[in-house]
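Chemist: Attaching a single structure in structure tokens format; questions to follow.
The values are calculated or read from the model by the stated rules, or taken from the named source; none is laboratory data. This one's a predicted model, so the numbers in the text were calculated from it and none came from an experiment. Here the Cβ positions follow ideal geometry from the backbone for every residue, glycine too, while neighbour counts run over all protein chains shown.
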Amino acid sequence: MSSQRIAPGDRLALHYEKVVRELVARHAKMHEEPLVLAIRFRFDDAEDIHLLEVIEGFPGGGDDPPLTTEFGPTPEFPILGRFHLTLASPAQLRSAIGRSDEILADLRRDGIVLFPQPPDSTAKQLLSGLGLPA
Amino acid sequence: MTDGHIHAAAAWLSQAERDARTATALLDQPTPMKTDDVGCHVASLCAQAVEKSIKGYVLLNRSAPSHRSHRADKYLTPLLRGDLLRYGDNRRKLAGLFDPSMRALVRRLFDLTPGVPWGVWMCRRPSTLGLTNMGHRRQPELISSQTRRGSRSGQSRRGASAPKSPSSSSPCDVSPSSEPGPTGALISRARSLYASPSRATGACKR
């Protein structure tokens, strides 16, 4: 397909798809606090990117709610809007599932697993709790 | 960067410096404080200083720190990865400042300041805190007594006190004269961390 035929909105979506996958691929290579699961969601937000990363050894107690923080564009992550990054340890995500935290509705609506592909046993277990297909 | 971000970050970083100065002053046990009063308050102020420093940097990075979480060490995970840093040349500085040993100390500091009386927390989490290396002895009687009273009356974190023998050391005792251990090292590192506040505010000059 020629790039001229792609609508501006679609071009942005393609760019976002590329930069998010590259970001997750970089994070998947981290040895310290290894990435367990990455889910992109809230695709209805055209300008912003929403990503959940579950990280082994993420600080805080097992009952802590997942931490959501916002980032602006950076040279390595060029986007138009804001990047909403939600971070949790596997235990914190399980607790969030147990509490039916607000974020779960967004994850279940349109969440797509970016890592690991294919999901391993830990990821499958968490996805099952989230009600998302492995 | 907007002036609003700089002003907001400056407020956090200034308060962090005040907390660190106060913690340092408390180490000298000013009147009318007693030895046992010092440790938990110094640790608490060190935790406050670290939290506000990191959140101040988060703001300089034009990110939004959560007011709901005091575990500012959680921000270190995305910041140290580097790809979300607005100023890429800060990456090496941050990695040097928060090397694995410092991150472990910061994590331990936040674990030590959980928002409940220390005796209660240590009773719940003895293995996590590595009590045998704390440089003081546990007092099972004191801890269980605090736990019972705290759970009944919902005491504040600093409201717990219990009779003790003159020769005993309380879970709060991290006085300068106590045996150097991980907690003493932590405070020393925290003090050196804030010896040069400009390190944390370098991004302001850009």
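Chemist: Check A:Gly98 against each of (1) facing another protein chain (nearest Cβ under 10 Å); (2) closer than 30 Å to B:Ala47 by Cβ; (3) not in a loop (DSSP other than H, G, I, E, B) and name the one condition it does not meet.
Modeler: (1)
Chemist: Taking region A:4-52 as the search range and keeping residues that are of a type in the set (Lys, Arg), closer than 21 Å to B:Arg81 by Cβ and surrounded by 13 or more Cβ atoms within 10 Å (Cβ to Cβ), which one is nearest to the chain's Cα centre (by Cα)?
Modeler: So the residue we want is A:Arg40.
Chemist: Which residue, of A:Leu80, A:Leu67, A:Leu87, A:Leu104, is surrounded by fewer than 22 Cβ atoms within 10 Å (Cβ to Cβ) and closer than 23 Å to B:Leu59 by Cβ?
Modeler: A:Leu80 is the lone residue from the list that is surrounded by fewer than 22 Cβ atoms within 10 Å (Cβ to Cβ) and closer than 23 Å to B:Leu59 by Cβ.
Chemist: Being in contact (Cβ under 8 Å) with a residue 12 or more places away in the chain and either closer than 16 Å to A:Leu85 by Cβ or facing chain A (nearest Cβ under 7 Å) (or both) is the requirement here; does B:Val58 meet it?
Modeler: Considered against the rule, which asks whether it is in contact (Cβ under 8 Å) with a residue 12 or more places away in the chain and either closer than 16 Å to A:Leu85 by Cβ or facing chain A (nearest Cβ under 7 Å) (or both), B:Val58 comes out as yes.
Chemist: Could I ask something else about it? Mind telling me which of the residues B:Ser53, B:Ser63, B:Ser69 ends up being away from every other protein chain (no Cβ under 11 Å) and small (Gly, Ala, Ser)?
Modeler: B:Ser53
Chemist: I would also like to ask the following. Under 8 Å by Cβ, and 6 or more places apart or on different chains, what pairs join a residue from region B:88-114 that is closer than 21 Å to A:Phe71 by Cα with one that is at pLDDT below 90 and part of a helix (DSSP H, G or I)?
Modeler: Note: pairs meeting the criteria are B:Asn90/B:Gly202; B:Asn90/B:Ala203; B:Lys93/B:Arg199; B:Lys93/B:Gly202.
Chemist: Is region B:5-12 home to any residue that is more than 16 Å from the chain's Cα centre (by Cα) and within 13 Å of chain A (Cβ to nearest Cβ)?
Modeler: Yes - at least one qualifying residue is present in region B:5-12.
Chemist: Here's a follow-up. Every residue in region A:108-134 that is outside any strand (DSSP E or B) and either of a type in the set (Val, Ile, Thr) or on the phi > 0 side of the Ramachandran plot (or both), please.
Modeler: Passing the criteria: A:Thr122, A:Gly131.
Chemist: Hey, another quick one. Output yes when any residue across region A:55-64 is small (Gly, Ala, Ser), assigned to a helix (DSSP H, G or I) and more than 7 Å from chain B (Cβ to nearest Cβ), and no when none is.
Modeler: no
Chemist: Please go through region B:28-66 and pick out each residue that is among the basic types (Lys, Arg) and either touching a strand residue (DSSP E or B) at 6+ places or on another chain (Cβ under 9 Å) or in a loop (DSSP other than H, G, I, E, B) (or both).
Modeler: Correct list: B:Lys34, B:Arg62.
Chemist: State the number of residues belonging to region A:25-34 that are facing chain B (nearest Cβ under 10 Å), of a type in the set (A, V, I, L, M) and touching a strand residue (DSSP E or B) at 6+ places or on another chain (Cβ under 6 Å).
Modeler: Residues flagged as facing chain B (nearest Cβ under 10 Å), of a type in the set (A, V, I, L, M) and touching a strand residue (DSSP E or B) at 6+ places or on another chain (Cβ under 6 Å) within region A:25-34 amount to 0.
Chemist: Also: Go through (1) surrounded by fewer than 19 Cβ atoms within 10 Å (Cβ to Cβ); (2) closer than 23 Å to A:Arg26 by Cβ; (3) in contact (Cβ under 8 Å) with a residue 12 or more places away in the chain and name the single condition B:Ala64 misses.
Modeler: (3)
Chemist: Determine if region A:44-51 includes at least one residue that is without any contact (Cβ under 8 Å) to a residue 12 or more places away in the chain, within 21 Å of B:Ala64 (Cβ to Cβ) and part of a loop (DSSP other than H, G, I, E, B).
Modeler: No, the conditions are met nowhere in region A:44-51.
Chemist: Let me ask something additional. Every residue in region B:72-86 that is facing chain A (nearest Cβ under 7 Å) and in a loop (DSSP other than H, G, I, E, B), please.
Modeler: Once the filter is applied, which keeps residues that are facing chain A (nearest Cβ under 7 Å) and in a loop (DSSP other than H, G, I, E, B), region B:72-86 yields B:Asp83, B:Leu84, B:Leu85, B:Arg86.
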